[in-house]
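Q: Here's a structure for you.
The values are calculated or read from the model by the stated rules, or taken from the named source; none is laboratory data. Computed from a predicted model, the values in this text were never measured in an experiment. Note that each Cβ is placed from the backbone with ideal geometry, even for glycine, and that neighbours are counted across all protein chains shown. For the accessible areas, the whole protein counts, side chains as well, though only heavy atoms, and no ligand, DNA or RNA atoms are used. Shrake-Rupley method; radii C 1.70, N 1.55, O 1.52, S 1.80 Å.
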Amino acid sequence: MSAKRLMIAHQPQGPVLKQFWRSQADVQVVIGPLGSAKTTDACTKILHYMNSMPPSRDIDHETGLRIRRSRWLVLRNTTVDLKGATIKDWRQVFTDDLGEFKMDSPITHHLKWKHADNNTIVQSEALFIGIDALSDIKKLRGYQVTGVWLDEAHEMLRDAVDMAFGRTGRYPKPAEVEYQRHMLLTTNAPPASHWLAKLSKRPPRNWEFFIQPGGVMRVQGKWVTNPKAENLKNLQPDYYEAQLGGKREDWIRANLANEFVHNIDGRPVHPDFSQRIHVSDEPLTPDPYETLHVGADWGRTPAGIIVQRHWLPDFDRPQWRVLRELTTRNTGIPAFAGAMIRLLARDFENIEVGDCWGDPSGGGPGWTDETAFQLAEAEGFLIYPSTCNNDPALRTGALDDCLTTFIGGEPGILIDPSCEMLIEGLAGGYHYRRMQTGNGEFYADKPDKKQPSSHIVEALHYVLVSEGEGERVLGDTSFEKVNRQVQDEYGGWSQPARYFE
């Protein structure tokens, strides 16, 4: 076969894919929605790696040029998906004039082209394997390869990924040619509980994650095309919105919005939450001059949230910043109050703590003569009943308004990435349970309080409503009406009269 001279010119379709192209990490993970060009860029980067291999001492007999050798594994969770999707994408980049493609077992693409330097020849092969069974993982032991690409990696077992990486850097032998091994993983957003999602928060050494913008985003309660999505210019104008019809919310979030979704059998209470929009990429820095506020939920799993207003220039409405969460299990109110005091002292020394707000039920039936508020105050943690009057529409409406508001291009609420339980709850852990009857299915009219994340979300409700977001939902008159009712029936918010039956 006469070798074709190859020139590689590729323009990544977006800033995240540009970062991926610059990466030289051993393991590079691209997580993106459908249509985001992550597969095409992985193929093209492999082409680049093949072309960039150092020349060996071997001479190509046909051309008399030194050879740049490499061998790659291309893996997919099933052979059916490998043939139906991955190989089709591969052959869009690695065209027939680059080498012979054989559908034998294993499926192999023999590649050869003349390097742009005119002094060397590139010879490579790609082996395509579907991991259909656990026994296929063991078969990987026999391969000696330069690098690996795992397509739709979230559908593969961690053992397969670990085994595949162990086969890299073995061909050519490192003693003959010095080069860096690589493993590329491309995937749609995995579930939030998936090992890949967990690793993305704390990547291992020499792993890098590249998370693309979603193809869709929620605007005023509706899914619309995200103008920041990558590769839009190569898609039909209605590519994403055409896929919304008839799809479940969790499917849209994972495959189109590129969110790590918690597997639930129900409907999220706060569907406008987006991890990409409402969770900060970096830890949030508290403002030393702005007051902190705390929200709390009671029961045997008390939970607390610490928030602060953040004022953007030229705007009279603040952004809410959620800085910390405190979650517990089987914990009494005194222990919870002490833990909150220590958290505030440890992370927010010398920052003023303003009013703190808790579930106005005070703990509900079964409490002793001392209310949750009195028990907390005895430990030195002064907290008042939330002004929400435990109206679920008011509580959820206050948070929904923050989630759907943008202030100077910034979201109305921004969450520190350390608040993992809150993020889980907003991503669907706090939901209306799906109910089945003889007449079909419907959703419960109250959130599922058995979910651990429900408590921390409701703690956020209490502080937002009481710090003015409830007023935005109800309007000034209605908000004042609630406060007048509290004044008439309980004597206001004074400490001796803070118990609600």
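Q: Could you work out what % of the accessible surface of the stretch 235-296 is carbon and sulfur, using a 1.4 angstrom probe and leaving DNA, RNA and ligands out of the count?
A: In the stretch 235-296, the share of accessible area belonging to carbon and sulfur is 48 percent.
Q: Just want to confirm a number: the relative contact order over the stretch 113-259, from Cα pairs under 8 angstrom separated by 6+ residues, in percent.
A: Numbers: 152 pairs, mean separation 25.8, N = 147.
With pairs under 8 Å counted, the relative contact order is 18 percent.
Q: Over the stretch 108-242, with the other protein chains present, what is the accessible area per residue in square angstrom, probe 1.4 angstrom?
A: I get 48 Å² per residue for this part.
Q: Here's something else I'd like to know. Under the definition of Cα pairs under 8 Å and six or more residues apart, what whole-number percent is the relative contact order of the stretch 250-400?
A: Value for the stretch 250-400: 20 percent.
Q: Sticking with this structure for a sec: For the chain, what's the relative contact order in percent, using C-alpha pairs closer than 8 Å and at least 6 residues apart?
A: 14
Q: Note down the magnitude of the dipole of the chain about its Cα centre, charges +1 on Lys and Arg C-beta and -1 on Asp and Glu C-beta and zero elsewhere, to the nearest 20 debye.
A: Around 2780 debye, computed over the chain.
Q: Using 7 Å Cα-to-Cβ label points, what is the Arg433/Lys18 separation (nm, one decimal)?
A: 5.0
Q: Tell me which of Tyr179, Met340, Asn350 sits at the most positive position along the dipole axis of the chain, charges placed on C-beta atoms (Lys, Arg +1; Asp, Glu -1).
A: Checked the options; the winner is Tyr179.
Q: Further question on the same structure: Which one, Ser280, Pro268, Gly64, projects farthest toward the positive side of the charge dipole computed for the chain from Cβ point charges (K/R +1, D/E -1)?
A: Gly64
Q: Just how large is the dipole of the stretch 1-160 about the Cα centre, in debye to the nearest 20, putting +1 at every Lys and Arg Cβ and -1 at every Asp and Glu Cβ?
A: Rounded to the nearest 20 debye, it is 400 debye.
Q: For the ranges 115-126, 415-426, 296-307, what's the packing order if you count other beta-carbon atoms within 10 Å of each residue, average per peptide, and put the highest first? Please report the intermediate quantities before stating the final value.
A: Numbers: 115-126: 18.6, 415-426: 22.3, 296-307: 24.4.
The packing order, highest mean first, is 296-307, 415-426, 115-126.
Q: Using +1 at the Cβ of each Lys and Arg and -1 at the Cβ of each Asp and Glu in the chain, identify which of Val29, Ser193, Thr371 lies farthest towards the dipole's positive end.
A: Of Val29, Ser193, Thr371, it is Val29.
Q: Also, quick follow-up: Considering the convex hull of the alpha carbon atoms of the stretch 223-290, report its projected area averaged over all viewing directions, in nm², one decimal.
A: 6.9
Q: Starting from the Cα of Thr79, step 7 Å along the direction of its Cβ; do the same at His10; then give the gap between the two resulting points in nm.
A: 2.8
Q: Okay, helix-only estimate at 222 nm for the chain: each DSSP H run of n ≥ 4 adds -39500 (n - 2.57), divide by all residues, round to 500 deg cm²/dmol; what do you get?
A: Calculated from helices alone, the mean residue ellipticity at 222 nm is -7500 deg cm²/dmol.
Q: If you don't mind, another one. With a cut-off of 19 Å, note down the residues of the stretch 398-419 whose backbone N falls inside the zone around a label point 7 Å from the Cα of Asp314 toward its beta carbon.
A: Answer for this model: 406-412.
Q: Taking the Cα centroid of the stretch 103-131 and of the stretch 212-227, what is the distance between the two, rounded to the nearest whole Å?
A: Centre-to-centre (Cα) distance: 39 Å.
Q: With +1 on the Cβ of every Lys and Arg and -1 on the Cβ of every Asp and Glu, and nothing else charged, how large is the dipole of the stretch 3-64 about its Cα centre, in debye rounded to the nearest 20?
A: Dipole size: approximately 240 debye.
Q: Same structure, new question: What do you get for trypsin sites (Lys or Arg not before Pro) in the stretch 191-234 restricted to DSSP loop and a cutoff of at most 10 other Cβ within 10 Å of the site's Cβ?
A: Arg205
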